[in-house]
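Enquirer: The structure's right below; bear with me while I get my questions together.
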Amino acid sequence: MSKKKGLSAEEKRTRMMEIFSETLSEGSQKHASLQKSIEKAKIGRCETEERTRLAKELSSLRDQREQLKAEVEKYKDCDPQVVEEIRQANKVAKEAANRWTDNIFAIKSWAKRKFGFEENKIDRTFGIPEDFDYID
């Protein structure tokens, strides 16, 4: 069996030069193409007084839009939809609080029957305030 001999150093350099030349050629073509695209884009974009005025007006309108967005954000809490969502959330929270209050009264009643504790002793032991009641 004969062993295949690799490329010589000169052949490797030659091959590398060919690859670099191809890459350079492709890069040059791409550069030229991009330059043509830039030139086409510049057509009709001459800096005229009207273009400058319109650019300033556009910038001013964008700033105004951002200011208005910030102002709308400030008054978002007055939005009827947001107010309704808050009302619904409050309703759910109130129902949950009353459900837990009902659970506490049920446990107090059970403890009085089962162990014969006085209600005020249960309240003191578990830190239940005297005015503890359902939310209206």
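Enquirer: Out of all the residues in the stretch 64-81, is one or more open to solvent by 90 Å² or more (accessible area, probe 1.4 Å) and either aromatic (Phe, Trp, Tyr) or touching a Leu at 6+ places or on another chain (Cβ under 6 Å) (or both)?
Expert: Yes: the stretch 64-81 contains one or more residues that are open to solvent by 90 Å² or more (accessible area, probe 1.4 Å) and either aromatic (Phe, Trp, Tyr) or touching a Leu at 6+ places or on another chain (Cβ under 6 Å) (or both).
Enquirer: I'd like the full set of residues that are assigned to a helix (DSSP H, G or I) and free of Cβ contacts under 8 Å to residues at least 12 places away in the same chain, limited to the stretch 109-122. If you could, list the steps in order and put the result at the bottom.
Expert: Applying the first criterion (assigned to a helix (DSSP H, G or I)) to the stretch 109-122 yields 109-115, 119-122.
The answer is SER109, TRP110, ALA111, LYS112, ARG113, LYS114, PHE115, GLU119, ASN120, LYS121.
The values are calculated or read from the model by the stated rules, or taken from the named source; none is laboratory data. Bear in mind that the values here come from a model prediction, so they are computed numbers and not experimental data. For neighbour counting, all protein chains shown are included, and Cβ atoms are generated from backbone atoms with ideal geometry for every residue, glycine included. With ligands, DNA and RNA removed, areas are computed over all heavy atoms of the protein, side chains included. Shrake-Rupley method; radii C 1.70, N 1.55, O 1.52, S 1.80 Å.
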